[in-house]
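The values are calculated or read from the model by the stated rules, or taken from the named source; none is laboratory data. Just so it is clear, the structure is predicted and the values come from calculations on it, not from any experiment. Because the Cβ atoms are built from the backbone with ideal geometry, glycine has one as well, and the counts that use them run over all protein chains shown.
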Amino acid sequence: MQPSSTRLAPGTRLPAVAAVLFFPLLCAPVQAAGPGVPEKAAALDPVFVTATRSAQPIAALLADVTVIDAEEIARIGAGGLVQLLQRQAGAEIVQNGGPGAVSGIFLRGANRGQTLVLIDGMRVGSSSTGSTTLEAIPLDTIERIEILRGPASSLYGSDAIGGVVQLFTRHGSREPHAQASAGYGSYNTWSVNGGISGSAGPLRLSLTAGEKRSEGFNAVVNPDAYLYNPDRDGFQSANLAASASLPWSDGHELTAQYLRNRLNAQFDGGPGYDDRTITVVESWQVTSRDRVAPFWVSRLSAGVGSDDSLSKTGFGDFPFDTRQRQYAWQNEITLPAGLLTAGFERREERIATDAAFVVTARDTDSLFAVYQLRQDAHALQVNARRDDSSQYGGQTTGAIAYGYRIAPAWRLTASYGTAFKAPSFNDLYYPGFSTPTLQPEESRNLEGGVYWTGTAGEAAFEARAVAYRNRVQQLIVFQCDAYFTCAPRNVDRATLSGVTLGLEGRKGDTTLAASLDLQNPQDDASGNLLPRRARQHGVVAMGRQWGPVRVGAEIVASSYRYDDPANRVRLAGYGIVNLTAEWVLSRNLTAWARGDNVFDRDYPLAADYATGGAMLFAGLRWQP
């Protein structure tokens, strides 16, 4: 099948589109941000946790980060987590069909399993595959998303070569509160969800639940493909989340969190059978946060993250279950000069499968420390971490970042950091297709950034340019020898280099957010592009409020990619337009609608797989 998507010539059309959109704004008369900056500019400076393991305002950070708040999440409409991530700087996605299908994220060009995904600080990924089942994480339960770009193993350990995506679940409010929403759209897709929260004395409680179903569309559209099966590949999911918080004394609080989602998704595994995968993602955590002294805050937590997957195919049933017991003790100590965050973590991974793995468990003990210093125009952050595994030995990672504010409107940053990814249980022990002596993948990253904050008349803007070069060694790739014996090997190297440009602005009731990534994620040996990654991709989103009505438009664009390491199967570039609308009908009721790919472009994210064409989803949101 030859896609008819909007094509972008390499190195020309996508940068040109971005230049046309950016130029009028950047050439407008501007002044440095200062006491005269409009109050609404403060909305561009939320608090961020992931980059330092402690709460810090974004303007004080030395990393390339993004916060997605509850308002933007609500506006996603019919989509899910993967579609939301597609619109973020530095992020590309892959999806084998529609929502509910196997999905992944390439952050700064890193492999799918080289981006760490956390839910409230907990790992919920599969130790068998070494990646997180993004399609099984319900967006209905998420209140905030933080994206940290760049290696972060010195903060969180294995997997954080490309960065970290951390999801924070809803915690509700002290005052009695309820909310509900329902929607319906293309492919007979419907969703309902609701939640309540409130307090009983000092105890604060929150409960949310939701369900979503879709008949879907045929995922594999190439009739010559072995997996082709001309049926609809739909899904159904049901989720539940709860939290409780008890401040039992001044400076002391006990919290508990729970999340569960069950996804039953069909896929094409060949003709004549209704293949499907049933995935249950679950996590719970109990945390005690205590102010031990005026200068010392302690956080002690324990919990379990699980990913249970059962694939039912024409060849049989294939279960792969993961349990990760996680314990952490983190301390934030305010020093005479700076802030020190240090602690200990233990992770106990257990897998269960019908495959005869010779090892089904590994434990990792970790020590970490983060030091931050901010004085006048200078900022410094130093991270260090040691991970000791019962399976692959010890890994020491570190990072150092420095920032300097050369003027009230201008800030420069530079950093160097290392990261690693441990081999998965499939890589190490899958019968007949594994190598027990595999070593972790390792990376070294150097980057620099320029940040500007200013105004143009009544408009407030933030702009950034971040350049990076990430060398990844001992990449694990699947190889076959002359005797057709196939197994993963530590043989490859890759260089992930690029520049991310970003602009955010607000003028009155109009908002703008734009990003452009110019990158070269390549295999060092062949010089080929890494599969399913483009040299250029970008997003422009604009919104406008007119009284009770808000409308928005997004352009998501990418240059060509290849579906295979040899760069023989080319995926055409694309440009799609999404539209959103919200109408406040009353104080408690809002109607909303979202149109994705409104011009019905046939664009590929993976060879032979469809993306569904134009889709519409609309609904009502009630919130007294």
> Would you call GLN395 assigned to a strand (DSSP E or B) and surrounded by 15 or more Cβ atoms within 10 Å (Cβ to Cβ)?
Replying inline: yes
> Among (1) surrounded by fewer than 18 Cβ atoms within 10 Å (Cβ to Cβ); (2) part of a loop (DSSP other than H, G, I, E, B), which single condition is TRP248 missing?
Replying inline: (2)
>> Quick check on the range 529-549. Is at least one of its residues under 28 Å from LEU496 (Cβ atoms) and free of Cβ contacts under 8 Å to residues at least 60 places away in the same chain?
In response: yes
> Out of the residues in the range 221-231 that are surrounded by 15 or more Cβ atoms within 10 Å (Cβ to Cβ) and under 26 Å from TYR184 (Cα atoms), which is nearest to the chain's Cα centre (by Cα)?
Replying inline: VAL221
> What number of residues within the range 330-387 are more than 25 Å from ALA419 (Cβ to Cβ) and among the acidic types (Asp, Glu)?
Replying inline: 2
> Does ARG232 fit the bill of being at pLDDT below 95, touching a strand residue (DSSP E or B) at 6+ places or on another chain (Cβ under 6 Å) and under 30 Å from ALA182 (Cβ atoms)?
Replying inline: yes
> Given the range 107-204, what strands (runs of 3 or more DSSP E) lie entirely inside it while holding 3 or more residues that are without any contact (Cβ under 8 Å) to a residue 60 or more places away in the chain, within 23 Å of SER243 (Cα to Cα) and over 12 Å from the mean Cα position of the chain (by Cα)?
Replying inline: 189-200
> Applying the selection to the range 339-361, what residues are surrounded by fewer than 15 Cβ atoms within 10 Å (Cβ to Cβ), in a strand (DSSP E or B) and among the small types (Gly, Ala, Ser)?
Replying inline: ALA352, ALA361
>> Condition (residue is at pLDDT below 95, under 19 Å from GLU554 (Cβ atoms), of a type outside the set (Val, Ile, Thr) and in contact with a Pro (Cβ under 9 Å, 6 or more places away or on another chain)) applied to the range 89-112: is it met by at least one residue?
In response: no
>> Residue under question is GLY251, and the condition is that it be among the small types (Gly, Ala, Ser) and touching a residue at least 60 places away in the same chain (Cβ under 8 Å); does it hold?
In response: no
> Tally time: how many residues in the range 412-433 are over 22 Å from ASP387 (Cα atoms), touching a residue at least 12 places away in the same chain (Cβ under 8 Å) and surrounded by fewer than 21 Cβ atoms within 10 Å (Cβ to Cβ)?
Replying inline: 5
> Yes or no: VAL556 in a strand (DSSP E or B), in contact with a Lys or Arg (Cβ under 7 Å, 6 or more places away or on another chain) and buried (at least 17 other Cβ atoms within 10 Å of the Cβ)?
Replying inline: yes
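Every residue, every condition in (1) under 29 Å from the mean Cα position of the chain (by Cα); (2) within 17 Å of HIS171 (Cα to Cα); (3) crowded, with 19+ Cβ neighbours inside 10 Å, yes or no:
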{"position": "GLY234", "(1), (2), (3)": "yes, no, yes"}
{"position": "LEU254", "(1), (2), (3)": "yes, yes, no"}
{"position": "ARG289", "(1), (2), (3)": "yes, yes, no"}
{"position": "ASP317", "(1), (2), (3)": "no, no, no"}
> Within the range 572-624, which strands (runs of 3 or more DSSP E) (wholly inside it) include 1 or more residues that are under 22 Å from the mean Cα position of the chain (by Cα), surrounded by 19 or more Cβ atoms within 10 Å (Cβ to Cβ) and in contact (Cβ under 8 Å) with a residue 40 or more places away in the chain?
Replying inline: 574-584, 589-596
> Considering the range 167-206 alone, what residues qualify as being in contact with a Leu (Cβ under 8 Å, 6 or more places away or on another chain) and within 27 Å of ALA593 (Cα to Cα)?
Replying inline: LEU167, THR169, GLY172, SER181, ALA182, GLY183, GLY185, SER186, GLY195, ILE196, SER197
> Regarding ALA534, is this residue small (Gly, Ala, Ser) and part of a loop (DSSP other than H, G, I, E, B)?
Replying inline: yes
